[in-house]
1. Which of Y333, S195, V267 sits closest to the plus end of the dipole of the chain, meaning its Cα is farthest towards the positive end, when Lys and Arg get +1 and Asp and Glu get -1 on the C-beta?
2. About the Cα centre, and with charges only on the beta carbon of Lys, Arg (+1) and Asp, Glu (-1), how big is the dipole of segment 69-199? Nearest 20 debye, please.
3. Can you list the aspartates and glutamates whose alpha carbon sits under 19 Å from that of K337, skipping same-chain ones fewer than 8 residues off?
4. I'm spelling it out carefully: the read-out is Rg and Dmax of the Cα atoms in Å, the candidates are (i) 21.6, 66; (ii) 22.2, 77; (iii) 45.0, 156, and one was derived from this structure. Which label?
5. Which net charge results when you count Lys and Arg as +1 and Asp and Glu as -1 among the other residues whose beta-carbon is under 11 Å from that of T19?
6. By per-residue mean of other Cβ atoms within 10 Å, what is the highest-first order of 341-352, 40-51?
7. Cut-off 10 angstrom, C-alpha nodes, Gaussian network model of the chain. Which of I185, I253, I29 fluctuates the most?
8. Give me the lysines in straight-line cross-link reach of K225: C-alpha distance below 25 Å, same-chain residues under 8 apart excluded.
Amino acid sequence: MNKRLEHLEHPIPKIALSTGKINVEGSGIVDGSFEIINIGEGELAGKVASVADFLSFSPVNFCGNKVRVEYSLDLNGLTGRHKTSAVITSNGGEKMLLFDVHVVPAAIVARDGTQIATLEHFLAYAQRQPVGARQLFTQRDFMIWLFNAGYSSMDIYESFAADPNKERAVDNFLIFNGLKGKACIVAQDTDVTLSVGQNDNAVTGGICLRPSTWGYVEGNLTVAKGADWLKLSKSRVTSTDFGEDGMAEVDYIVLADKLKGRDMAVVHLDDGSQRPTLINIWCNIAAPFNVRLDKESYFFEDKGRLHITNNTGSDLMIDIYCENFIKFEAKRYFISKTAEIGFDIKFSTIKAATLALRKQLYAATQIHVVAVGGEPGAVCKLNLKLWGTG
């Protein structure tokens, strides 16, 4: 009975904390504080004990009804997430304070002052400042930053960093981490048609290329067998070949003396994608001459003209063959560069009557223009449509 009376005569403290859980995100030394509060009677006194070596408190021993306790977390050398706690014992009871710690490495600072705290930040920096990103990528500070961030593929990073081509190294690192897709090389035109003149020794051109997106690209170009008339200026392209406009051009030359009429060469562009891009280059030897009519159709009684262009570079002799109701002044003509040759159309009475009896309002015929002494195939056929007199 005396003990009970004695107990009632002394006020009883009761411990409470300003928070039951502290979330921490950072790196290095992280400091903070919390309060121990007496919500009972009398005076509260006790001790704070840490469960983890990297967590310390000041003061460890406390006395008072509202005490601020400082905590310090030494996160150096730690990575990832850690859950720990502190036990506060007192004359007013016991409490446990939980700590949820997420170690995030301090931002690494590039030469231009850009702070990079995540891989996503590094991606943006690489796109904006590719040269600076290459310089940063192989620095020891970058490797330590990755390690402190808990990066799980340090061996892969080291293999990328060992690549002498730093542009390729950074790009492969970003692709490996799923931050970007691989850039491919795209041909602006996959079907090209060229015309080689009669006197041309060679004709030049270019294959225009561009990357599908930003990033490192490299590719090989080869001409399929059987097209020895096409020669490329280079067999390999990389990112350094692309200008500020994002375009690169691979020059080629067509050796006219190796062509045999119309021919096609296939250029294979292999940039590491699943299938190489095929670029078809068609090449035609220009005809010795071109001929066209001045109109699409004529009447039975009409006049017309042939327009002839000589593509040989020297004087050309031609013969003209046609039906007898088409009248030219001569059968053979000399053509320098261009010429216009007139003709008359005059149906005989019998021919016109025959068509009328058949109720045929039009007739079709041809004019054959042939190069004299030219190569086989140097022939042009013109189709005429002739309508009855209107």
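The values are calculated or read from the model by the stated rules, or taken from the named source; none is laboratory data. Everything numeric here is computed off the predicted structure, so don't read it as measured data. So basically every Cβ, Gly included, is an ideal-geometry build from the backbone, and we count neighbours across all protein chains shown. Remember, those area values only see protein heavy atoms, side chains included, never the ligands or the DNA or RNA. Shrake-Rupley method; radii C 1.70, N 1.55, O 1.52, S 1.80 Å.
1. So the residue furthest toward the plus end is Y333.
2. For this selection, approximately 60 debye.
3. Answer for K337, where 19 Å is the Cα cut-off: D200, D294, D315, D319, E375, listed by chain and number.
4. Only one listed value fits the structure, namely (iii).
5. It works out to a net charge of +1.
6. Order by mean packing, descending: 40-51, 341-352.
7. Judging by the Gaussian network model, the answer is I29.
8. K234, K258, K260
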